[in-house]
Amino acid sequence: MNKPPRPSYTPSIQELRALVFCAETGSASRAAEMLNLTQSAVSRSIRALEDRLGVRLFRRVRQRLILSDAGRALVRDSRQILDRLENSARMVMAFGGGGDVLRLAALPTFAATWLIPRLPDFARQHPEVSIDLTAALAPVDFEDSPFDAALQRAELARPGSRVTPLVDETLIVVASPGLIPPELTPGADALARYPLIQQATRPGLWSDWFALTGSDALDRLRGPRFQHFDMVIAAAQAGLGIALLPNIFAAAALRAGTLRQISPLRLPGRWPYCLIRPQGSGESRALAAFAEWLEHRATAL
């Protein structure tokens, strides 16, 4: 005879808060003070958790509450749950409770150098839409994430995504004027004697550039390594080495004179920067308006 299924149990927010604060303070009375509750209310929450889960979450050692192994595992997840709820609540308050919220994932340097400087124009045209922008280096799974769309290179689009090209990529070689004076324009072989700043998520860029020059300097690629292009820009401005950057990322530094282009040779990027969104007919008005605005701004370049 099959046993009836065990009823599921989801702890309440009060129980999770009692658990986390008892773990952090080691005391039910101190947790109660921080939560603005009575000590008996906190103790009841802990007992309810232990009774329903069938495990001891704390041991009492010299009047101090010490987490058990089970308690440590539950506290770790409980902190994450409470932090996510708090962040969501703050987000809702920030958006003022009105209009639409457009949740976007974007490559961080593309967002900082291309998208964000243009967003005030979108805000003027669509004041009813609030932007929630998150950095994302990896492909976005729209079925398993809160994002409405992504701004990334086309190669990061998952199969079945709707991809709208925005900006082609062209990479240029730049350096600080303090590292390479304006009167110098080093060729490929001379350039390879300098530290070459590496971009961690695209490690083959310098190899592609030297292959384009026909140089045999491929065995001399050395230099510091950074994860984001904005770090690469900062490193080049600091004189740590020579950088290979998308021209749209380097534009502001070139205008300011903190970087200079030191080679006329340009490396065409393999993939354009795109708006990537889920396929289907359920697109929100906010996303449709944003896509139309993006395409207009991209063609105005």
Once both label points are put 7 Å beyond Cα along the C-beta direction, the ALA135-ASP230 separation in nm becomes 0.6 nm
In region 18-70 the accessible area split gives carbon plus sulfur, as whole percent at 1.4 Å, a share of 45 percent
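If you build the Cα gyration tensor of region 1-83 and take the root of 5 times each eigenvalue, what three semi-axes come out, in whole angstrom, biggest first?
Rounded to whole Å, the semi-axes are 24, 14, 12.
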When the charge dipole of the chain is computed with +1 on Lys and Arg Cβ and -1 on Asp and Glu Cβ about the Cα centre, the Cα farthest towards its positive end, among ALA243, GLY257, LEU57, belongs to LEU57
Helix 39-53: inclination vs the chain longest Cα principal axis, degrees, rounded to 10, gives 80 degrees
The chain, Gaussian network, Cα under 10 Å: of ARG47, ARG225, ARG255, the residue fluctuating most is ARG47
Taking 0.36 nm per residue of separation between LEU53 and ARG266 and subtracting their Cα-Cα distance, the length gained on full extension comes to 70.4 nm
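State in Å² the accessible area per residue of the chain; use a 1.4 Å probe, count heavy atoms of protein chains only, and round to the nearest integer.
With all protein chains present, the chain gives 56 Å² per residue.
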If one builds a Gaussian network model of the chain from Cα atoms under 10 Å apart, the most fluctuating residue listed among GLY239, GLY26, GLY223 is GLY26
Quick shape check on region 181-242: root eigenvalues a ≥ b ≥ c of the Cα gyration tensor, a/c under 1.5 is rounded, otherwise prolate if a/b tops b/c, else oblate, and it reads oblate
Under a 1.4 Å probe, counting only protein heavy atoms, GLU50 has an accessible area in Å², nearest 10, of 30 Å²
Taking alpha-carbon centroids only, region 244-264 lies from region 154-194 a number of Å equal to 9 Å
The chain, Kirkwood Rh and Cα Rg, ratio Rg/Rh at 1.13
Scalar couplings 3J(HN,Hα) for region 231-247 by Karplus 6.51 cos²θ - 1.76 cosθ + 1.60 (θ = phi - 60°), nearest whole Hz, x for Gly and Pro, are 5, 4, 4, 4, 5, 5, 5, 7, x, 6, x, 9, 10, 10, 10, x, 4
Largest-first ranking of ARG60, ARG260, ARG285, ARG72 by accessible area, probe 1.4 Å, whole protein assembly kept, is ARG285, ARG60, ARG72, ARG260
Volume per residue (Å³) of the convex hull spanned by the alpha carbons of region 229-270 is 75 Å³
Between GLN198 and residues 5 or more places away or on another chain, the pairs with built amide H atoms under 5 Å apart involve ARG225, PHE226
Counting all Cα-Cα pairs in region 199-301, those more than 20 Å apart amount in percent to 54 percent
If every Lys and Arg gets +1 and every Asp and Glu gets -1 at its Cβ, then about the Cα centre region 151-254 yields a dipole, in debye to the nearest 20, of 360 debye
Computed for the chain: size of charge dipole around the Cα centre, +1 on C-beta of each Lys and Arg, -1 on C-beta of each Asp and Glu, debye to nearest 20, value 1340 debye
Once LEU119 and LEU221 are pulled to full extension, the length gained, defined as 0.36 nm per residue separation minus their Cα-Cα distance, is 32.9 nm
Taking region 128-226, the whole-percent share of alpha-carbon pairs separated by over 21 angstrom is 53 percent
Comparing THR185, THR213, THR38 in a Gaussian network model of the chain (Cα, 10 Å), the one with the largest mean-square fluctuation is THR38
The equivalent-ellipsoid semi-axes of region 241-301, taken as the square roots of five times the Cα gyration tensor eigenvalues and listed largest first in whole Å, are 33, 14, 10
Once normalised by the length of the chain, the mean sequence separation of its alpha carbon contacts under 8 Å that are 6 or more apart gives a contact order in percent of 19 percent
Karplus-derived 3J(HN,Hα) from phi for region 24-29 (6.51 cos²θ - 1.76 cosθ + 1.60, θ = phi - 60°), whole Hz, x at Gly and Pro, runs 6, 9, x, 8, 5, 5
For SER145, the accessible surface traced by a 1.4 Å probe with all protein chains present amounts, in square angstrom to the nearest 10, to 40 Å²
Counting only protein heavy atoms and leaving out ligands, DNA and RNA, the solvent-accessible surface of ARG222 at a 1.4 Å probe, in Å² to the nearest 10, equals 130 Å²
A correct Karplus calculation of ³J(HN,Hα) over region 125-138, with 6.51 cos²θ - 1.76 cosθ + 1.60, θ = phi - 60°, whole Hz and x for Gly and Pro, returns 6, 9, x, 7, 10, 9, 9, 10, 10, 10, 6, 8, 8, 9
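The values are calculated or read from the model by the stated rules, or taken from the named source; none is laboratory data. Keep in mind that what you see is a predicted model, and the values were worked out from it rather than measured. Note that each Cβ is placed from the backbone with ideal geometry, even for glycine, and that neighbours are counted across all protein chains shown. Note: areas computed on protein heavy atoms with side chains; ligands, DNA, RNA excluded. Shrake-Rupley method; radii C 1.70, N 1.55, O 1.52, S 1.80 Å.
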